[in-house]
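> Okay, here's the structure, questions in a sec.
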Amino acid sequence: MSEHAAHADHHHVNYIRIWQILLVLLVISVAGPFLEIQVVTLITAFGIAIVKAYLVAKNFMHLNIEPRYAVYMLLTMLVFVFLFFAAAAPDVMKHDGQNWVKPRVEVVEAPVHH
């Protein structure tokens, strides 16, 4: 077997394994809400989303063979996303403000007809 063919087989096995891991993580993230524990669901969903994003970026976007500055740029962008969220979240997530009022939405369940 030539070196290129052996190298190609190695990548296919790697891609299939990563796909299997992503599939298992998808099943876990879909099954998470069935526990009906909001904190566990959020932590599981976001934790799994971060792991899946890392696996896709590392293996399918080939960031593992790019120069190190690409990884530093990616990490810097993630830090900025978290900083922007932390800066905007206190205003967006509260209902009252000095110059605006975010309306409270109440969910009314429809009566069940048997």
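The values are calculated or read from the model by the stated rules, or taken from the named source; none is laboratory data. What you see is a predicted model; the values in this text were computed from it and never measured. For neighbour counting, all protein chains shown are included, and Cβ atoms are generated from backbone atoms with ideal geometry for every residue, glycine included.
> Hey, any hits in the stretch 95-102 for a residue that's at pLDDT 75 or above, surrounded by fewer than 10 Cβ atoms within 10 Å (Cβ to Cβ), among the aliphatic types (A, V, I, L, M) and out of contact with any Pro (no Cβ under 9 Å at 6 or more places or on another chain)?
No; the residues of the stretch 95-102 include none that is at pLDDT 75 or above, surrounded by fewer than 10 Cβ atoms within 10 Å (Cβ to Cβ), among the aliphatic types (A, V, I, L, M) and out of contact with any Pro (no Cβ under 9 Å at 6 or more places or on another chain).
> Out of everything in the stretch 46-77 that is in a helix (DSSP H, G or I) and over 24 Å from residue 19 (Cα atoms), what residue ends up being modelled with the lowest pLDDT?
Looking at residues that are in a helix (DSSP H, G or I) and over 24 Å from residue 19 (Cα atoms), I get 68.
> Determine if the stretch 2-10 includes at least one residue that is of a type in the set (Ser, Thr, Tyr) and modelled with pLDDT under 80.
Within the stretch 2-10, one or more residues are of a type in the set (Ser, Thr, Tyr) and modelled with pLDDT under 80.
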